[in-house]
Every structure is written in C-alpha cells, then in structure tokens.
Amino acid sequence: MMEKIICACGHENPQGTKLCEKCGRPLTEEEKDRKIVDMRYDGIAIRSKTRNKSIIDKIWNFFSSVKVGVSLIIINLVAASIGTIFPQEFYVGVATEAERAIYYEETYGSLGKLYYQLGLSDVYSSWWFQILVGLLGISIIIASLDRGIPLHKSLKNQRVKRHESFMKRQRVVAAGPVTEGDSSKTLDLVEEQMKKLKYNVRREGNAILAERGRFARYGPYINHVGLIVFLLGVMLRLLPGFYVDESIWVREGETRTIPGMDGYFIKNEKFILEMHDNEKTEAQIQQGVNAVAKNYQTNVKLYKQPEDAIPGQTDNLELVKEYSIRVNHPLQHEGYSLYQMDFRLNELKAMNFSLTNKATGEELGDVSVDLTNPQNEYVINEQTKVSLLGYYPDFSGFKDGEPQTATSTPNNPAFIFKMTTPEQPDGEVSFVAIKQTIEPNGDNAYKMKFKGVETRNMSGLTVHKDRTIPILFIGGMIFMLGVAIGSYWNHRRIWVEQLQDGSIRLAAHANKNWFNIKKDLNTITEYAHLPQFIDQVEKEEEEGQKEKEGDNTL
Amino acid sequence: MDKKKKRSITRGIILVVLLAAIVYTVYSSATKEEVEVLQVGDVAPDFELVDLYDSNLKHRLSDYEGKGIFLNFWGTWCEPCKKEMPAMSNQYAIYKEQGVEVLAVNIAQTEFEVKSFIEGLGVHFPVAIDETKDVMTTYNVTLLPATILINPEGKVEKIITGEMNETQIASYMESIKPEQE
C-alpha cells in the first residue's frame, strides 16, 4: 500500500504532501520549521513525488522534473543556434551532395567543411534535433499533467476553515480583536466588502474564504497546451497532404504538370522583367549596380484535368484561371500557392536562316526553324526546299562521326540541312552550328546564311502548400493567451476566522502582485474594523536590515 | 483495480503514446523522400500517352493488364539511354510474343528529335513523348535512363536507374513475363 501521512485532523494525505489537504497543517518537519509555508502548488503532493518505484514511475519523474525541462530547453536552444552559424542546405542553391560539400568548404573554409561533415548544415531535419524537440514536448506534457491535475483538484476542493498553523505561516497575517464596533457583525461586513471587491466568498460558520482570479493559476498550463498544439502542427507537416514545397521551371509557351499538385498543369504565357529607368544613383554606382528591377512577373494559365483523367492525359484540360504571378502575389488555388522565384532570359526559341548562293549572294528564300517543333522539310517553292536531317539542341562535338547533344536545352543548336535547289536538284548537305559550318561532301554552291534568332524566357516557380498554418496559428494564440492570463492576472485568497472570544485571525495569499491584495486588505480592514495586518516577509527583511545597520555602527 | 496500479497503467500509456509520436516523427522525416518515390511492390500509377507515330493510338497502362510492361524513360541527350536501346529492341522482338510490352517514354523533347533519333538507331518498340512531364513526375523519375518493370498484376516489380546490358534486359523481361497457360 501507498504510504499515507495522517494529519492531526484525521485526514489521510498522500506521501509527499507538504500541507494537509484538508486543514492546511504543515506535515513535514521542514515545513513545520518554516515561518512562512511553501504555497507553491498549494502544498499538494506533486504526482512525481508521491511514488518512485517502477520503471514507468522513474521515466515519468525524469520528464516531470523542472531541472530536466530547463536543461532540455537550453540544449534545444544551443542546437538550434548552431544551425544559424552558416546557412542551412535549404538556402544553398546547389543540387547534389558533392556540390554541397564543396560549397561549404570553399565558402567557409575548413570550419565549413567540418560543419557539413557533422551534419550541422541540415540541423533541423536531423534525427537528433527532432528527438530533442520531441523530448522537450514530452517534458512539457508530463510536467503539466504532473502538476496541473493535482493543483486543479486542490484548488477545486479548498476548505474554508484552515488550521491555525497554516494561517499563521502565511506571508500576510493579522490577529487580534476588532478595533471598533460590534464584533458579531464583523464577518458580515467582511463578506459584504469582499463581494464588492469582486471576490468569490464562501462562508462556513465562523470562517470565510474569499478568492479572486483563480483562473490565473492555469496560465502556465494553457500556454503549455499552446506549445503542444504548435509542435503537433509542425509534426503534421510530415504527413502526406499537409505540406508541399516544390519547384518547377516553365518556358514561355510550355505547359507543364505541377509537381505536388496532382491533376493540375500550368502554362507560361509570358515572363516579364521590368527595370527602373532611373539615372544611376550614387549608391548604385558605388555598388556597381546598373539597373534595379521593378517587376518580375509570369503570366500563367492554370489548367486542371477532368476528374477521371489519369497522368499523361492532357487533351481535355479545363482552364481554371489566368493570373499574373508577381513577387508577393502568388497564384492561389485550393490551398496551393505558386510563387515567382527565378527566371532565365533569352533562351533560343527559333533560328532564322536564308538559303543563299555562296557565289552570287542571291537569297532564294528564308527558313525559320522553330526549335520547339522542328519540321522535316521547309518548302520554299516547287524546286527549292530545305530538309532537316538532324537537330542537336546542345551540340557538344562529334562521336564516331555523329553529332552529339549534351542536354535537351537549346544552348548551342546545330543542324544538318539538305538544300535542294534548281541548280543542285540532288541536294547539298551542310552541318550548321553557331560559328561553324561543315560541308561533308565538298564545296557546296549554297549555304544557310544565319539571319537572326527569336528567344523566349523561362520562369522558375515554387509550389507551396501548408495546411498546418491554421494549427500553428491556433497554437500560437493559445500560447499567448496563457502567457497573458499568467502575467496580467493573479490569484488572491483571504482567509478570515472569528474565534470564540470575537477576535479575528486573518491570512492572505497571492501568487504574485502582493501590492494588489494589500490594497484589498486595507479596504476591508478599514470597512470591517479588522486588526492591522502585517507582511511577515517584509518585516523579516526590515529586521535584517536593522541588524546590518547596527553592525555597521559598531 | 487498486489506484496505484491504475495510475501506473495511465502513466505507461501516456509515455508510450508520446514516445511513439517521436519515433513516428523521426521515422517519417527520415523516409520522407522515399515515401514520395515509387517503390517496388506499389501499384504502378495508371497513365496514358499518345503514340509517337499514330496519334489515335493511346498507350494506357491499364489496357495492358495481364502483360508485363517494360517502361523506359529516356532522352536523346542521354548517352546510356542510346546504348541500351538496340538491346531493348532485340529483346522486345523475342519477348513480345510472350506477353511483354515495351514503352519508351521520352521526356518532353520535340517530335522531330525523337523521330530522327529512333529512326537513326533503327529500333522497333512503341515510343511516346511525355510533353508535360506528367508521367515522369508521377513515376518520380529524376535520373535517366530509368526503367520501371511492371508485372502482369500491375505492380512495380523493379526500378532500374542507369544503363542496362542486353543480358540484364533479357532477364528483366523474363521476370515480368506472364505465366503461360
């Protein structure tokens, strides 16, 4: 059986109780020796102090400890601040792991290398950081349960009449006969005035308990609930469907599937970059800045597949909306936001050539090769045409006599043309790249003379969805509410007992802001002609002060 | 039940739930990337792409149920893709009879490039262009070449990134071939 502490009044208290739950008598030797009782948690037995036997109890007690909680907070703070020494990987614009390692070493030297190797460059998604936050969460929950529940019970079941030893050991006390008038009316006067001061008054026989602002005691627990809701919100980000953070490049004229946003497609109609056309300011010249951007904008069309469509089916897309995405003006749809993040200007879109007689310079006709849709044949007239035999968007050299392309992006386009003219009805083959022409079958009579290019721009967009924002917001609000309740309100209690001889015994306690309760006490003291109260803490301090002063004079 | 036992059980349950929450968080954050990526054993997501040569012919995965699907993602700039194609063509000629289908999905290149590439290599299997990169995104393909083997039950049998030689291709096709009746 659990050990019980039996108070002189006969009440059985759980082990660890400092002040009897019923009458308030001090139960421990330590408590008995004190002049003023420990009113933290109202002297109840904190759950973790009651038993300490099984493993479960030991783990429970570990997390319920304030020391452990504070240590966890400090460890979390230190870990989180280490993550701010160098930029996190998320903000480093390189793709592969090898590039990242090089980036940290090159940018921040050997310290940066170490930082990367220790995994500090991605602290917030590291398992140990998450465990630390989780342990702090457990500590908050268990410490709250361990203290909050018994405190709630004790506040709910308060006795009106308390034992003399409890009353005398409160910080603010008063004792003595009423100073004026009929002592039989004193308690009525006290009750009346306390009610005017908005106290909850309970009276049992010759004892009164007046209480105000009890809810202030719940402030810390409310703010813990807020923290837990907040942590829960952060945790939910990991569940599918709650959090999306993707990026996508779309060229003008292209329609692309939106990653993370199933069934939706985006078409880039136009990318617009506008600059301020001001004269260079002094600061601009100093910093070597030529022009300052005014606007980054992508005009897009958002499309949706029909409900029953599957990936790849793009023939019946429905237009959802048209929008101009600008910085800070994302396209928003069903919780998703598409942000303007990046751009690339002037990617080749079409190349224009003229079929030209090398000797005479005569131009037989123009050919425009649309790089987004090259054709097999460009017919100029019945006897004159240009066939496209090969197209290499990012020409990187020959391999086994074959032109190669390094990527699918037209960074360095190359073509193999076959030019059929009335003069050369069998056709002449020519390999044409930028600043390079190869005529494999000897000297040609005609050439594809370069005339010019058309370009297009590319927009970098990010796709973002965060369903946890409302949860984080609610968590934050609850937290602030708890802080406000705990800081701006205080719990005041006044016990008054009239003894057989008509004299008064009074005790008062506030969890903070003693000034307020003394103001209230002054009012009732005057109104009900009570004996003057004293603050035992202040008195002690004053006495200590006097002794010191006395020492000095010696 | 006495009070003490009851309290121990309550505490135990609370601790277990809280610890489970941490374990779950750490686990799912560690495996987040993998969860989003298609995995072996998953049902292969259905898709539909238009054939390179016949705009009326649509390759819809669910239409091939009962057959093994050799789904290959490629691009003309990708050297290993080019190397493995003739072998794919050879093996397709053998395994086509046995119920294996090949679909070579090009990533958003132009029709001209794709046709001249395929014709230049002289390979024979169905080809389609994923113009919006929708199928590529659905199958989480990031590196080319990528090959997804889909068994006759419509489940992902194996995911291969990187070049395959002819022996490997043959054994892969063998592994997704439907059982003979």
Problem set entry | Residue list for the range A:112-151, filter: more than 11 Å from chain B (Cβ to nearest Cβ) and free of Cβ contacts under 8 Å to residues at least 24 places away in the same chain | A:Lys113, A:Leu114, A:Tyr116, A:Gln117, A:Leu118, A:Gly119
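Given A:Phe398, A:Phe417, A:Phe450, which one is part of a strand (DSSP E or B), surrounded by fewer than 20 Cβ atoms within 10 Å (Cβ to Cβ) and within 14 Å of another protein chain (Cβ to nearest Cβ)?
A:Phe398
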Seminar exercise, completed: Restricting the range A:401-414 to residues that are surrounded by fewer than 18 Cβ atoms within 10 Å (Cβ to Cβ) and more than 50 Å from the chain's Cα centre (by Cα), the one nearest to the other protein chains (Cβ to nearest Cβ) turns out to be A:Glu402
Seminar exercise, completed: Filter the range A:247-259 for residues that are more than 8 Å from every other protein chain (Cβ to nearest Cβ) and touching a Phe, Trp or Tyr at 6+ places or on another chain (Cβ under 8 Å); the one that is surrounded by the fewest Cβ atoms within 10 Å (Cβ to Cβ) is A:Glu252
For this session: For the range A:276-285, indicate whether the set of residues that are out of contact with any helix residue (DSSP H, G or I) (no Cβ under 9 Å at 6 or more places or on another chain), of a type in the set (Val, Ile, Thr) and outside any strand (DSSP E or B) is non-empty.
Result: yes
For this session: Determine which single condition B:Thr137 fails, assuming it passes every other condition in (1) under 13 Å from the mean Cα position of the chain (by Cα); (2) more than 10 Å from every other protein chain (Cβ to nearest Cβ).
Result: (2)
Problem set entry | Test: A:Pro425 is exposed (fewer than 13 other Cβ atoms within 10 Å of the Cβ) and either in the same structural domain as A:Gln375 (by TED's automatic domain parsing) or of a type in the set (A, V, I, L, M, F, W, C) (or both) | yes
For this session: Specify which of the listed residues (A:Glu454, A:Glu423) is over 30 Å from A:Leu232 (Cβ atoms) and modelled with pLDDT of 90 or more.
Result: A:Glu454
Problem set entry | Complete set of residues in the range B:149-174 that are part of a strand (DSSP E or B) and either of a type in the set (Gly, Ala, Ser) or more than 18 Å from B:Tyr64 (Cα to Cα) (or both) | B:Ile159, B:Ile160, B:Thr161
For this session: Please specify each residue of the range B:156-170 satisfying the condition of being in contact with a Pro (Cβ under 7 Å, 6 or more places away or on another chain) and crowded, with 16+ Cβ neighbours inside 10 Å.
Result: B:Glu163
Seminar exercise, completed: Apart from one, (1) farther than 30 Å from B:Ile129 by Cα; (2) without any contact (Cβ under 8 Å) to a residue 40 or more places away in the chain; (3) at the interface with another protein chain (Cβ under 10 Å from one of its Cβ atoms) all hold for A:Leu231; the odd one out is (2)
Exercise. Of the residues B:Ile169, B:Ile129, which single one is in contact with an Asp or Glu (Cβ under 9 Å, 6 or more places away or on another chain), among the β-branched types (Val, Ile, Thr) and within 13 Å of chain A (Cβ to nearest Cβ)?
Worked result: B:Ile129
Seminar exercise, completed: Selection from the range A:102-139 of residues touching a Gly at 6+ places or on another chain (Cβ under 7 Å) and among the aliphatic types (A, V, I, L, M) yields A:Leu120, A:Val123
For this session: Filter the range A:489-512 down to the residues that are under 23 Å from A:Gly219 (Cα atoms) and outside any strand (DSSP E or B), then identify the one that is modelled with the lowest pLDDT.
Result: A:Lys512
Problem set entry | Lone unmet requirement of (1) away from chain B (no Cβ under 13 Å); (2) at pLDDT 85 or above; (3) part of a helix (DSSP H, G or I) for A:Arg100 | (2)
Exercise. What number of residues in the range B:109-126 are within 23 Å of A:Ile310 (Cβ to Cβ) and away from every other protein chain (no Cβ under 11 Å)?
Worked result: 2
Seminar exercise, completed: Over the range A:260-272, the set of residues loosely packed, with under 15 Cβ neighbours inside 10 Å and facing chain B (nearest Cβ under 10 Å) is A:Asp262
Seminar exercise, completed: Residue set B:Gly120, B:Gly41; condition surrounded by fewer than 17 Cβ atoms within 10 Å (Cβ to Cβ), under 26 Å from A:Phe398 (Cα atoms) and modelled with pLDDT under 90; output residue B:Gly120
For this session: Collect the residues in the range A:40-60 that are farther than 14 Å from A:Pro150 by Cβ and modelled with pLDDT of 75 or more, keeping them in residue-number order.
Result: A:Ser54, A:Ile55, A:Ile56, A:Asp57, A:Lys58, A:Ile59
Problem set entry | Residues located in the range B:155-181, provided they are small (Gly, Ala, Ser) and at pLDDT below 90 | B:Gly162
For this session: Return only the number of the condition from (1) within 14 Å of chain B (Cβ to nearest Cβ); (2) without any contact (Cβ under 8 Å) to a residue 12 or more places away in the chain that A:Lys195 does not satisfy.
Result: (1)
Exercise. Among the listed residues A:Leu319, A:Leu371, which satisfies the condition of being of a type in the set (A, V, I, L, M, F, W, C), free of Cβ contacts under 8 Å to residues at least 24 places away in the same chain and within 27 Å of A:Phe271 (Cβ to Cβ)?
Worked result: A:Leu319
Problem set entry | Number of the exception - B:Ile94 against (1) surrounded by 12 or more Cβ atoms within 10 Å (Cβ to Cβ); (2) more than 26 Å from B:Pro126 (Cβ to Cβ) | (2)
Seminar exercise, completed: Quick count over the range A:273-324, residues being over 34 Å from the mean Cα position of the chain (by Cα), closer than 23 Å to A:Glu254 by Cα and surrounded by 15 or more Cβ atoms within 10 Å (Cβ to Cβ), is 6
Exercise. Across the range A:176-211, what is the total count of residues that are closer than 28 Å to A:Ala8 by Cβ, of a type outside the set (Asp, Glu) and surrounded by fewer than 19 Cβ atoms within 10 Å (Cβ to Cβ)?
Worked result: 7
Exercise. Does B:Phe125 count as aromatic (Phe, Trp, Tyr) and assigned to a strand (DSSP E or B)?
Worked result: no
For this session: Could you grab the pairs with beta carbons closer than 7 Å, sequence gap of 6+ or different chains, first residue in the range A:163-190 and of a type in the set (Lys, Arg), second one not in a helix (DSSP H, G or I)?
Result: A:Arg169/A:Pro26; A:Arg169/A:Arg34; A:Arg169/A:Lys35; A:Arg169/A:Ile36; A:Arg169/A:Val37; A:Arg171/A:Ile36; A:Arg171/A:His509; A:Arg171/A:Asp535
For this session: Report those strands (runs of 3 or more DSSP E) wholly inside the range A:179-255 carrying at least 3 residues which are within 41 Å of the chain's Cα centre (by Cα) and within 30 Å of A:Arg467 (Cβ to Cβ).
Result: A:243-251
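Residues that are away from chain A (no Cβ under 13 Å): which strands (runs of 3 or more DSSP E) entirely in the range B:1-98 hold 1 or more of them?
Per the criteria, B:68-74.
The values are calculated or read from the model by the stated rules, or taken from the named source; none is laboratory data. These numbers were taken from a predicted model, which means no experiment stands behind them. Please note: Cβ atoms are built from the backbone with ideal geometry, for glycine as well, and neighbour counts cover all protein chains shown.
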